[in-house]
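Here is the structure we will look at.
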Amino acid sequence: MKPLSLRARLTLWYAGVLVAILAVVSALSYSVLRWSLLQQVDASLAAVAQIVRETDERGAGGSEVERAIRELLGPGFSDQFFQFLDPEGRSRFRSGSPHPGSLPLSLEARLNAAHGRQTIETLEDPANGPLRVLTVPVQRAGRSVEIIQVAAPLARTRSALSRYLTTLLALVPVAVGLAAAGGAVIAGRALQPVREMSRAARQITAEDLGRRLARRGADDEIDHLADTLNAMLAGLEAAFAQSRRFSADAAHELRTPLTALKGEMEVALRAARSPEEYRRVLASSLEEVEHLIHLAEDLLIFSRSAPGLRAPTAPVDLEPLLLEALETGARRAQSAGVTMRADTFEPATVLGEAGALRRAVLNLVDNAIKYTPAGGKVELSLVTGNGQALITVRDTGIGIETGAAARIFEPFVRLDAARGRDKGGTGLGLALVRAIVTAHGGTVEVEGAPGAGSRFTIRLPLAPPK
Ligand code: ADP
């Protein structure tokens, strides 16, 4: 089943809560009304009983009493009646109409009367409907001599109550219906800003990621949603700008060697050349092509690995990985006339992807060898501390220009000092190192001064001990 819309759910909740409130209020008001109506009847019965007793005490006979009382009370007494009973409950006198029979005397009332106590009770009289009956014992010199009963029919009270109940039953659904309609309108209005925001968000495309959703300034949920979406847009915009810059830089990097290649070929074709000259042009072209292949490979590796790197979870033992890099590095160092050696190697395990980590370390080792003149030294070390593994690659090479330390990790950045030494570099090696290390939750940094060698440090969080 399709889930209900937010608006429908809000309205339902609203109406449900209102039904509950109205039910409680109606039940309370009904019982208060019932109580106060009975209270009124009881009070008037007590007053009549008092008068009956006083009139009787003055010595008037049964029907005299009745006439006197009817005169005294007027129409207010018209539907009430009374009777005198002896202490055993036998009727001595009862008032005339409207009551045709005698009033019933319940066992409880008779027992109470014997103990000199009054009783007020509701009786269902088959002939007269519901009756409220007050039974009062009359005592003289501590002896019960007579019982007076005063009664009033409850039919009118009952019908007033049932009219009230009918009114409630008719009005509550109307009130709930009206409130639900109002609630639906209010919920619709409250959700209006959300609709507006989604319309505005839909209009923002990849072409105008610079646009932002407007805040209303209320600092409410809607504003927080706008902030969240805006932060997401800012992130997307930055990522888009970065990828555009990367493509532009890559195109530029490809164009330079291709232009050089084209130039050399055009010059060679302009006139007839000797075989040596053709060979020279071809050899130089081959160099450019090799650089292009190298660049294309690096681009492929970078575009495949950099954005796709996920937080990896397999434990990777760093020591054998570094020994491997040391071995590979040593072979390359030997042909470059550079000494390669290992410093401290401590066992360390991190969570990650072994292949990517190996590539990062090898890139650093390769650079160290590449930018260190013959006779220099490259040192590799692995230590642990503060829950981190520290991989250091130190060389005695050309060092890093002041202020360039942060820049060299950007794609395609090559420092002037390096260009002189190495034509083959693509400027992607360190960018890849940074991407790999960041994906492993680590950092990479470099220290160094021109001519004083450089030291690259990778910090990776250690795997939690099992
Ligand atoms: P490249 O292919 O040019 O080596 P990298 O991204 O690996 O590209 O390095 C970027 C630049 O950082 C290099 O061109 C060089 O200027 C500098 N660099 C990298 N490693 C070293 C190092 N060990 N010593 C001095 N400079 C370095």
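The C-beta contact set for the range 191-215 (first residue free of Cβ contacts under 8 Å to residues at least 40 places away in the same chain, second residue among the basic types (Lys, Arg), distance under 7 angstrom, 6+ apart or interchain) comprises Pro193/Arg216; Ile204/Arg211. Among the conditions (1) within 21 Å of Glu297 (Cβ to Cβ); (2) in contact (Cβ under 8 Å) with a residue 60 or more places away in the chain; (3) open to solvent by less than 40 Å² (accessible area, probe 1.4 Å), Ala389 misses just one, which is (1). Within the range 131-151, how many residues turn out to be open to solvent by 10 Å² or more (accessible area, probe 1.4 Å) and polar (S, T, N, Q)? Selection size over the range 131-151: 2.
When Asp219 is tested against (1) open to solvent by 80 Å² or more (accessible area, probe 1.4 Å); (2) assigned to a helix (DSSP H, G or I), just one condition goes unmet, and that condition is (2). Checked across the range 252-260, the condition of being in a helix (DSSP H, G or I), in contact with a His (Cβ under 7 Å, 6 or more places away or on another chain), at pLDDT below 90 and open to solvent by less than 90 Å² (accessible area, probe 1.4 Å) holds for at least one residue. Among the residues of the range 344-379, those that are under 41 Å from the mean Cα position of the chain (by Cα) and either part of a loop (DSSP other than H, G, I, E, B) or aromatic (Phe, Trp, Tyr) (or both) comprise Ala348, Gly352, Glu353. Selection of the range 322-343 for residues being part of a helix (DSSP H, G or I), of a type in the set (A, V, I, L, M) and either closer than 13 Å to Val393 by Cβ or touching a strand residue (DSSP E or B) at 6+ places or on another chain (Cβ under 9 Å) (or both) yields Leu322, Leu323, Ala325, Leu326, Ala330, Ala333.
Going by the conditions given, is Leu382 more than 8 Å from the ligand (Cβ to nearest atom), of a type outside the set (Ser, Thr, Tyr) and surrounded by 21 or more Cβ atoms within 10 Å (Cβ to Cβ)? The answer is yes for Leu382. Among all positions in the range 295-308, there is at least one residue which is among the aliphatic types (A, V, I, L, M), under 30 Å from Gly210 (Cβ atoms) and not in a helix (DSSP H, G or I).
The values are calculated or read from the model by the stated rules, or taken from the named source; none is laboratory data. Fair warning: this is a prediction, and the values are worked out from it, not measured in the lab. Virtual Cβ from ideal backbone geometry, glycine too; neighbours counted across all protein chains shown. For the accessible areas, the whole protein counts, side chains as well, though only heavy atoms, and no ligand, DNA or RNA atoms are used. Shrake-Rupley method; radii C 1.70, N 1.55, O 1.52, S 1.80 Å.
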